[in-house]
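In what follows, a structure is listed as structure tokens, so that the remarks can point back to it.
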Number of protein chains: 2
Amino acid sequence: MRDSNREWYFAERPEGEPDLDCFELRESDRPEPRHGELLVRVRYLSVDPYMRGRMRDTESYAEPWEVGDPMKGGVVGEVVESGSDRYEEGDFVTGEGTWADYTVLDAADVAPVDPDVAGLPAYLGVLGMPGRTAYFGLLDVGEPKPDDTVVVSGAAGAVGSVVGQIAKLSGCRVVGFAGSDEKTDWLTEDLGFDAAINYKTTDDYAAALDDAAPEGVDVYFDNVGGPITDAVFTKLNLDARVAVCGQIAHYNEEGVPTGPRKLPMLIAPRAKVQGLLVGDYATRFGEASEQLGKWVASGELKHRETIVEGLENAPDAFLGLFSGDNIGKQVVQVSE
Amino acid sequence: MRDSNREWYFAERPEGEPDLDCFELRESDRPEPRHGELLVRVRYLSVDPYMRGRMRDTESYAEPWEVGDPMKGGVVGEVVESGSDRYEEGDFVTGEGTWADYTVLDAADVAPVDPDVAGLPAYLGVLGMPGRTAYFGLLDVGEPKPDDTVVVSGAAGAVGSVVGQIAKLSGCRVVGFAGSDEKTDWLTEDLGFDAAINYKTTDDYAAALDDAAPEGVDVYFDNVGGPITDAVFTKLNLDARVAVCGQIAHYNEEGVPTGPRKLPMLIAPRAKVQGLLVGDYATRFGEASEQLGKWVASGELKHRETIVEGLENAPDAFLGLFSGDNIGKQVVQVSE
């Protein structure tokens, strides 16, 4: 008889703000890997804002989750049984798994992890999907040039913190919006941002931008939407580029959110606004991983993870994303 | 003593909808051209939606007009006195002049006009700024590919009617929004649009698009904004391109107009939205003029002008743009 396994399931579609009722923890036998598969003991699992989209009953870029499905997401862990020649017991890998103690991954779909390059949680953040999102979103959509002013919303998050640092490495002036003094201090004191605005204690974002970005905004990397974005759009310079990566301010709204119309603001600056999904860059992931790994190894690219302990707390860790609990990448530690 | 000249002046900044009080007709002596200048007897003058922007007291891509300034705009007319070797009396030219019987143009800034290629009004429309706007906006920003579905708002206007026809010449399915059955008939019966939607008699634009653009929208050329644009954004295909050329629905609104937030709609299709000003393509105007001229000469590109007679009616002609009086390019005939 196999040992047991705990796994989170999607129990109920949320209306508005999700809560713990949306999730259900079930216990079952530990799964067995088939040929070509790996049984992985999960060390860390990733909770990400995009998952809110999969909870909706509408088609989007990702298939909506069906109620009753296991919760899925990025994991990093140790191979404990291998059905593949590619990996053996004891190897560390990362891939798309389930919120569980043990998860089965297809050996063809995982990437190896070297715990000597960076801690395991980094493979869900700066060296994982968020880091690649920042890399391609900023460089390919934002096209930063030296001396450009780059503004980032959600700047202390997993993606935003990497965006700002790559912008600094690109020779830009960088301004971040974040939701606490601890976060803004981290941005300016540790990550080298030129300025950071605490959006929770600032009344007039436009005036704050006049101070922080006196030359206007050349690149805006938007993870958030809402009033921050409304203010940034009034400061766009000629030929400004806006990368729309996320709109977390709106994910829990029901119906179509409304706000200031932005199309009229695009004509005078001839600004370009573009939606971004990292999956489109799959053929270039190697390039990103190599460059991000070099920057991390050299210390030019710093990273931080907020670690929530215990698989049982995974839903809380996910819900915390919407109240901005995390600094850097939010991960759940499932096992030691 | 020189003959007299009538000229329109900007008399009052409008709040909301402009009216006749914004304009004042004055009479003065006919001006004399200095060295390098031409005195032109205006045959036709152009009224364009962008002029509403210049009436505002806020900096935009064009300097705001000062109250007391003469009304400026595109003109086509005949040289009656020349201070330049480049043109002589009797030549037809087009350039940026004033709303007047006679206007002085810098010979270096005008383009010659050949009345044998097309009627004079066409040089303010399909062969003028609106035609070039359509050409670069569609081809450079919209990047239409064969079998793409292209949707155009303001489709029976000076720019939109050219956009739709160039899209057809590019092998696309073309759908236009316009404000009367006469206009939609013109689009589908004369200009070759695949479908046209009368937005004044249609309740549900999204449902109308499901019929007219069943494969979704690959390129949206927006002259209008408002509810038409709101509907089109819900139908954007993967990698859709949106050229924001004009937003006439909002030009007479005071304050910042609000509406459905569109940034969240861009992520799933990775759509690109870009503001457009034709002046950015100045170095390539020759290319556009040559191609547009060829298409007009071959009959592949049709054009139509709505001619308002009499300089005294120029303000009415301008105001008529906001009620959609025009089919094709709205021009004022100043002299025979």
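The values are calculated or read from the model by the stated rules, or taken from the named source; none is laboratory data. None of these values were measured; they are calculated from a predicted model. Glycine also receives a Cβ, built like all others from the backbone with ideal geometry; neighbour counts cover every protein chain displayed. When the accessible area is computed, the model is the full protein with side chains, heavy atoms only, and any ligands, DNA or RNA have been set aside. Shrake-Rupley method; radii C 1.70, N 1.55, O 1.52, S 1.80 Å.
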- [ ] Please give the average number of partner chain Cβ atoms lying within 10 Å of the Cβ of each residue in A:250-261, rounded to a whole number.
- [x] 4
Open item on the list: Please compute, for peptide B:227-239, the average count of beta-carbon atoms on other protein chains lying within 10 Å of each residue's beta-carbon.
Closed with: 1
- [ ] Can you tell me the relative contact order of chain A? Whole percent, Cα pairs under 8 Å, sequence separation 6 or more.
- [x] 18
TODO: Between B:LYS183, B:LYS235, B:LYS294, find the one with the highest GNM mean-square fluctuation for chain B; connect C-alpha pairs within less than 10 Å.
DONE: B:LYS294
Task: Rg and Dmax [Cα atoms of chain B; Å; Rg one decimal, Dmax integer] - done: 20.2, 69
Open item on the list: As a check on your reading of the symmetry: which chain B residue has its Cβ nearest the axis that brings B onto A, and how far is it in Å?
Closed with: B:VAL273, 2
- [ ] Would you calculate the separation in nanometres between label points at B:GLU15 and B:SER323, each defined as 7 Å from the Cα along the Cα-to-beta-carbon direction?
- [x] 2.3
- [ ] Return the value, in Å² to the nearest 100, of accessible area buried between chains B and A (probe 1.4 Å, both sides summed).
- [x] 2800
Open item on the list: Give me the percent of accessible area attributable to carbon and sulfur for the stretch B:129-279, probe 1.4 angstrom.
Closed with: 47
TODO: Measure off 7 Å from each Cα along the Cα-to-Cβ vector at B:ASP190 and A:ASP69, then give the distance between these two points in nanometres to one decimal.
DONE: 5.2
Open item on the list: Counting only pairs 8 or more residues apart or on different chains, how many lysine pairs in chain A have their Cα atoms under 21 Å apart?
Closed with: 20
- [ ] Please report how far the C-alpha centroid of the stretch B:19-55 lies from that of the stretch A:177-219, rounded to the nearest whole angstrom.
- [x] 47
- [ ] Would you tally the net charge around A:ARG34, using a Cβ to Cβ cut-off of less than 11 Å, leaving A:ARG34 out, and scoring K and R as +1, D and E as -1?
- [x] -4
TODO: Report the calculated FRET efficiency for B:ASP280 and A:LYS302 (r = Cβ-Cβ distance, R0 = 41 Å), to the nearest 0.05.
DONE: 0.55
- [ ] Would you mind giving the mean number of other chain beta-carbons within 10 Å of the Cβ of each residue in B:277-284, as a whole number?
- [x] 1
Open item on the list: Placing unit charges on C-beta atoms (Lys and Arg positive, Asp and Glu negative, everything else neutral), compute the dipole magnitude of chain B about its Cα centre in debye, rounded to 20.
Closed with: 1080
Task: Exposure rank, largest accessible area first [B:GLU182, A:GLU15; 1.4 Å] - done: A:GLU15, B:GLU182
Task: Whole-Å distance, taken between Cα centres, linking the stretch A:69-109 and the stretch B:220-235 - done: 45
TODO: Round to the nearest 10 and report in Å² the accessible area of B:THR258, as given by a 1.4 Å probe over the protein chains' heavy atoms.
DONE: 100
TODO: Could you state, as a whole-number percent, how many of the C-alpha pairs of the stretch A:129-279 are farther apart than 18 Å?
DONE: 52
Open item on the list: Test of understanding: what is the full-extension gain from B:ASP109 to B:GLU24, defined as 0.36 nm times their sequence separation minus their Cα-Cα distance?
Closed with: 27.9 nm
